Amino acid sequence: MRATSSTAEGAAPSPGRPAATRPPLPRWAWWLCWAVLAAGVGLLVRLPGPATLDPDEHAAVLYFDRLAAGERLEEPLLSAPKPLLTVVHGLAWRATHDWRPLEALTVAVFALAVVCLARAAGRLGGLPAAVATIVVVAGSGPLVLQAARGNSMVFALAGWSVAIDALTRGGPRAPGRDPGPGRDPGPVEPGPAWGLASGALLAAGLARAESWLLLPLAAAYGLLAWRRGDRRALLLTLPLAAPLLWLAHDWLLTGDPLYTLRVPGRYSDLVSGRQVIPPADWLALVARRYRADPLLLALGAVGAVWLARRRAIIWLAALAVTGLGVLAVLGLQAWQGIYISWRYFDSADLALRVTAAFGAAALASWAAGRLGRLGRGSAAVATAGAVLLVAVACWPLAPADPVVASTLDRDTRLSANTATAVGVLAPLAGEPGTVLTVSGPQRVRVAVELGLPLARARDLFLAGRAAPLDQALAGSTAVFHDADGDRPPARFAPLSSTVPRRVGNLLLVPLRTDPGRGLYVHRVEGPGG
């Protein structure tokens, strides 16, 4: 971002590097903010209770185990590999053999993402923009749930946030932060941290494929700064290697470098079914989704205009790509009939929320200046006004969101059920030739915890989808059924029994049942059982 006359000494910056400015808050204050956020979000997601990780995160540990052993994945799974999570989650599990550190690590990374994004916003829009950004990001129910589940979106967001924080160092001073003649401007920041931005974007590109949309823009920005004389800016071309590293990861894991790209189609064919959404219908769907939040849209429009007037090219490009760019890619996938989860909108929702935070800060700062002329107190008034605007626009915030609470209730129950089932099944798993059929969403977790190959830990959902229940259980030693996790309920209703029961020519003998929690573990007796 090009510096303006509001820089520290009013002098022109060196070519390719903006002049240095003061950070919006002391460094210790940002570290304190990170610690408070990490602790607060950790309590919100109920750490250190049962880990509420997604199947994708269990799969990341399985992928790490296979790669570390020099083995190929035995069969295709419905979880797309993410190379960064393969390493991060794999090492965390290998060190602790406990799922909770994986969730705690993701929460800490989420807090880092919030702080870096807020710090970068504060350089441009002052304290109101920084605090409003914290509210809209940390208060996002979907993002908090992503953190609770250890999802890759959190790691990609952290990469984007660290990168924009690194690239906007030394940019123009925010309005209201000029210390005035004869006053000490305080510590100053150097220009962009090209190496840090490069590493962050590379990590993001190995966490989520959506990050690939940002890489050409970052490389172009780096080349432009390099041509203006900043040699280290060339480091921004290195993240372009992320897609190649991802392909290499998949080739080592499965022998198919395009394995990840095939997972959405496989999931759509096996689970959700193909539902083609033409472009016009997709645009209508997106319009319906966002017109339900008129205040958020209005603040986003104000924020976009304000960023354009400030010539905040980095911000505008990043928000456009992670917002409109991601929606366009999702539209292309929907046109092919690929299943689009509600979670896939989180990137676009985040872009709108951050843009709205800038809009709220701009309006609140303008109103504070017009209404009070309160001198130094006007910053506090503007900050309070910005927080009020974004809180109303984004309500309910995560701590008050009933969807967050109910989802965490369910995920905690599913995790506790699986832990109980693993304890019951462990003695059976040690017997030669044992084959377990387990609740579909928990299959990989059970296989990892019991050290079983996938052939000896079958997916109850997929097996029950392809054949009648008695045939699906044929050859199994035991079955673990979670009434809340296995859908549709009618298909697996015979497993919800607390007494011995016949299913076809098989006899199910309860080993552990808890109808209140929806937990059922049965020994399978009969032909092949």
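Among helices (runs of 4 or more DSSP H) entirely within region 219-333, having at least 3 residues that are within 25 Å of CYS116 (Cβ to Cβ) and open to solvent by less than 50 Å² (accessible area, probe 1.4 Å) singles out 242-254, 294-309, 313-320. The condition of being modelled with pLDDT of 95 or more, surrounded by fewer than 17 Cβ atoms within 10 Å (Cβ to Cβ) and of a type outside the set (S, T, N, Q) holds for only one of ASP514, ASP484, that being ASP514.
For (1) open to solvent by 20 Å² or more (accessible area, probe 1.4 Å); (2) aliphatic (A, V, I, L, M); (3) without any contact (Cβ under 8 Å) to a residue 24 or more places away in the chain, each residue gets a yes or a no:
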site	(1), (2), (3)
TYR339	yes, no, no
TYR344	yes, no, yes
ALA348	no, yes, no
ALA356	no, yes, no
ALA360	no, yes, no
LEU371	yes, yes, yes
ALA382	no, yes, no
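All of (1) closer than 22 Å to LEU77 by Cβ; (2) in contact with a strand residue (DSSP E or B) (Cβ under 9 Å, 6 or more places away or on another chain); (3) outside any strand (DSSP E or B) hold for VAL499 with one exception: (1). Please verify whether region 500-514 includes one or more residues that are closer than 24 Å to ASP409 by Cα and among the charged types (D, E, K, R). Scanning region 500-514 turns up at least one residue that is closer than 24 Å to ASP409 by Cα and among the charged types (D, E, K, R). Only a single criterion out of (1) modelled with pLDDT under 95; (2) touching a helix residue (DSSP H, G or I) at 6+ places or on another chain (Cβ under 6 Å) is not satisfied by ALA490, namely (2). Flag: SER496 does not match the condition of being open to solvent by less than 10 Å² (accessible area, probe 1.4 Å) and among the hydroxyl-bearing types (Ser, Thr, Tyr).
What residue, of VAL137, VAL162, VAL154, is closer than 22 Å to LEU213 by Cβ, assigned to a helix (DSSP H, G or I) and open to solvent by 10 Å² or more (accessible area, probe 1.4 Å)? Going through VAL137, VAL162, VAL154 in turn, the sole match is VAL162.
When LEU508 is tested against (1) open to solvent by less than 70 Å² (accessible area, probe 1.4 Å); (2) in a helix (DSSP H, G or I); (3) aliphatic (A, V, I, L, M), exactly one condition is not met: (2). Mind listing whichever residues of region 473-491 are in contact with a strand residue (DSSP E or B) (Cβ under 6 Å, 6 or more places away or on another chain) and not polar (S, T, N, Q)? LEU473, ALA478, VAL479, PHE480, HIS481 - these are the residues of region 473-491 that are in contact with a strand residue (DSSP E or B) (Cβ under 6 Å, 6 or more places away or on another chain) and not polar (S, T, N, Q). List the pairs whose first member sits in region 194-221 and is closer than 16 Å to PRO243 by Cβ, whose second member is basic (Lys, Arg) and open to solvent by less than 30 Å² (accessible area, probe 1.4 Å), and whose Cβ atoms are under 8 Å apart, counting only residues at least 6 apart or on separate chains? Short answer, once both residue conditions are applied: LEU206/LYS82; ALA207/LYS82; ARG208/LYS82.
Rundown of residues vs (1) within 15 Å of LEU511 (Cβ to Cβ); (2) part of a helix (DSSP H, G or I); (3) touching a residue at least 40 places away in the same chain (Cβ under 8 Å), yes/no style:
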{"position": "ALA416", "(1), (2), (3)": "no, yes, yes"}
{"position": "ALA421", "(1), (2), (3)": "yes, yes, yes"}
{"position": "PRO427", "(1), (2), (3)": "yes, yes, no"}
{"position": "THR437", "(1), (2), (3)": "yes, no, yes"}
{"position": "GLN442", "(1), (2), (3)": "no, yes, yes"}
{"position": "GLU449", "(1), (2), (3)": "no, yes, no"}
{"position": "ALA472", "(1), (2), (3)": "no, yes, no"}
{"position": "SER476", "(1), (2), (3)": "yes, no, yes"}
{"position": "HIS481", "(1), (2), (3)": "yes, no, yes"}
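Test LEU91 against the criterion of being open to solvent by 10 Å² or more (accessible area, probe 1.4 Å), assigned to a loop (DSSP other than H, G, I, E, B) and touching a residue at least 12 places away in the same chain (Cβ under 8 Å), and give yes or no. Answer is no for this residue. Of all residues in region 70-85, how many are open to solvent by 60 Å² or more (accessible area, probe 1.4 Å) and closer than 17 Å to LEU258 by Cα? Qualifying residue count, region 70-85: 4.
Screening region 58-80 for residues that are assigned to a helix (DSSP H, G or I) and more than 20 Å from the chain's Cα centre (by Cα) and picking the one that is nearest to GLU103 (Cα to Cα) gives ASP65.
Regarding region 102-118, can at least one residue be identified that is open to solvent by less than 40 Å² (accessible area, probe 1.4 Å), among the acidic types (Asp, Glu) and part of a helix (DSSP H, G or I)? Scanning region 102-118 turns up at least one residue that is open to solvent by less than 40 Å² (accessible area, probe 1.4 Å), among the acidic types (Asp, Glu) and part of a helix (DSSP H, G or I).
Against the conditions (1) within 24 Å of the chain's Cα centre (by Cα); (2) of a type outside the set (Ser, Thr, Tyr); (3) surrounded by 15 or more Cβ atoms within 10 Å (Cβ to Cβ); (4) at pLDDT 95 or above, ALA421 satisfies every one except (1). Examine region 51-69 for a residue that is free of Cβ contacts under 8 Å to residues at least 60 places away in the same chain, among the hydrophobic types (A, V, I, L, M, F, W, C) and either open to solvent by less than 20 Å² (accessible area, probe 1.4 Å) or touching a Pro at 6+ places or on another chain (Cβ under 8 Å) (or both), and state whether such a residue exists. Within region 51-69, one or more residues are free of Cβ contacts under 8 Å to residues at least 60 places away in the same chain, among the hydrophobic types (A, V, I, L, M, F, W, C) and either open to solvent by less than 20 Å² (accessible area, probe 1.4 Å) or touching a Pro at 6+ places or on another chain (Cβ under 8 Å) (or both). The set of residues in region 331-348 being under 13 Å from the mean Cα position of the chain (by Cα) and among the hydrophobic types (A, V, I, L, M, F, W, C) consists of TRP342, PHE345, ALA348. Across region 401-410, a minimum of one residue is classified as of a type in the set (Gly, Ala, Ser), open to solvent by 30 Å² or more (accessible area, probe 1.4 Å) and assigned to a helix (DSSP H, G or I).
The values are calculated or read from the model by the stated rules, or taken from the named source; none is laboratory data. Fair warning: this is a prediction, and the values are worked out from it, not measured in the lab. Note that each Cβ is placed from the backbone with ideal geometry, even for glycine, and that neighbours are counted across all protein chains shown. Side chains are part of the model used for accessible areas, which takes the heavy atoms of the whole protein and leaves out ligands, DNA and RNA. Shrake-Rupley method; radii C 1.70, N 1.55, O 1.52, S 1.80 Å.
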